[in-house]
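The values are calculated or read from the model by the stated rules, or taken from the named source; none is laboratory data. Values in this document were obtained by computation on a predicted structure and should not be read as measured data. Here the Cβ is made from the backbone with ideal geometry for all residues, glycine too, and neighbour counts use every protein chain on show. Quick note on the areas: whole protein, heavy atoms, side chains included, nothing else; ligands and nucleic acids left out. Shrake-Rupley method; radii C 1.70, N 1.55, O 1.52, S 1.80 Å.
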Amino acid sequence: MTVQVAGGPEPFGRIRPVGDRALLVEVAGTAEVSALYGWLRERRAAGALPGVEEIVPAARTVLLDGVADLPALTALLRGVRPTAASSTPGPLLEVPTVYDGADLGEVAALWGVSAEAAVRIHTEPEYVVAFCGFAPGFGYLTGLSQRYGVPRRATPRSAVPVGSVALAGPYTGVYPRSSPGGWQLLGRTALPLWDTGREPAALLAPGARVRFTAVRDGGGRAAPAQASPAVRGGGAE
């Protein structure tokens with residue numbers, strides 16, 4: 001698939017300086033973020049993007065931090081129009097998932113299918129980590145068809161179990177630790193998404209590809225995820 005980076009007279013909606021050492025590039029959406037991030041990552045790996053210390057994608061922006069020459073980088077960005085097809089795919093990670101989440105039946109009903117069909121729908125795509133945030137190791141994964149987007153829960157849970165595989169809006173995510181959360185829980189994985197004893201600590205990084213595979217419980221996997229009481233208030237994802 002080729003995705004043109006859209007915008008106004010420039011390839012991007014806007015390129016903003018952030019202080020004297022960073023640029024914030026605004027684009028139309030997640031697909032454009034992925035295309036731009038992949039292009040920038042490859043240029044930096046090839047030594048063709050000097051003077052940029054960090055590249056941080058988000059839902060509609062890409063932040064370039066530690067920039068040595070803001071005018072030169074701005075001029076470079078104004079002259080490019082990267083596409084998803086122009087970047088090398090990231091590494092592929094398989095996430096074995098037990099699909100017994102507390103909200104699986106509700107999600108299936110929203111989709112108008114059985115729970116078994118909902119599992120097939122969720123395991124069919126190859127996902128891409130669009131960006132990370134909310135908690136260390138939490139990736140926002142795209143790849144599920146837009147027609148399967150689901151709303152967050154009206155009232156978030158006080159504690160979502162670690163390893164929960166969940167949906168909200170157009171994204172799939174895996175909770176790297178127990179935390180409040182309002183995403184719809186489909187299942188769980190025993191795969192450690194965040195481990196400070198590992199380098200890097202985060203298993204998911206922007207650009208990585210992910211496939212969810214349905215597995216049966218057993219073999220030392222985590223105990224079934226129990227739905228926690230709902231909580232009203234902030235601090236949840």
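Please give the FRET efficiency for Asp20 paired with Phe134, using the beta carbon to beta carbon distance and R0 = 35 Å, rounded to the nearest 0.05.
Details: r = 29 Å, r/R0 = 0.83.
That gives a FRET efficiency of 0.75.
Roughly how many percent of the accessible protein surface of the stretch 49-161 is carbon and sulfur, given a 1.4 Å probe and a whole-percent answer? Mind dumping the intermediate values first?
Working: 2830 of 5310 Å².
That share works out to 53 percent.
So, counting K/R as plus one and D/E as minus one, what does the shell of residues with Cβ under 12 Å around Val95 add up to?
Values: positive: Arg188, Arg209, Arg211; negative: Glu94, Glu126.
Result for the neighbourhood of Val95: +1.
Per residue, the stretch 117-206 exposes 40 Å² of accessible surface when a 1.4 Å probe is rolled over the protein heavy atoms with every protein chain present. The calculated pair-distance distribution of the stretch 118-164 uses every alpha carbon pair, bins of 5 angstrom beginning at 0, and gives 5, 15, 20, 27, 24, 9, 0 percent.
Excluding Val150 itself, what net charge comes from residues whose Cβ is under 12 Å from its Cβ, given Lys and Arg +1 and Asp and Glu -1? Charge balance near Val150 sits at +1.
FRET efficiency for the pair Val113 and Gln146, taken as 1/(1 + (r/R0)^6) with r the Cβ-Cβ distance and R0 = 22 Å, rounds to 0.85.
In plain terms, the chain from Leu63 to Ala201 could stretch by 47.5 nm, reckoned as 0.36 nm per residue minus the Cα-Cα distance.
Take peptides 65-72, 95-102, 116-123 and line them up by average Cβ neighbours within 10 Å, highest first, as a rough protection proxy.
Values: 65-72: 14.0, 95-102: 21.1, 116-123: 16.8.
The densest-packed peptide leads the list: 95-102, 116-123, 65-72.
Whole-Hz Karplus values for the stretch 31-46 come out as 4, 5, 4, 4, 5, 5, 4, x, 5, 5, 4, 5, 5, 5, 5, 8 Hz, taken residue by residue from phi with 6.51 cos²θ - 1.76 cosθ + 1.60 and θ = phi - 60°; glycine and proline positions read x.
Near Pro176, within a Cβ-to-Cβ distance under 13 Å, what is the net charge of the other residues, with Lys and Arg +1 and Asp and Glu -1?
Numbers: positive: Arg177, Arg188, Arg198; negative: Asp195, Glu237.
Its environment carries a net charge of +1.
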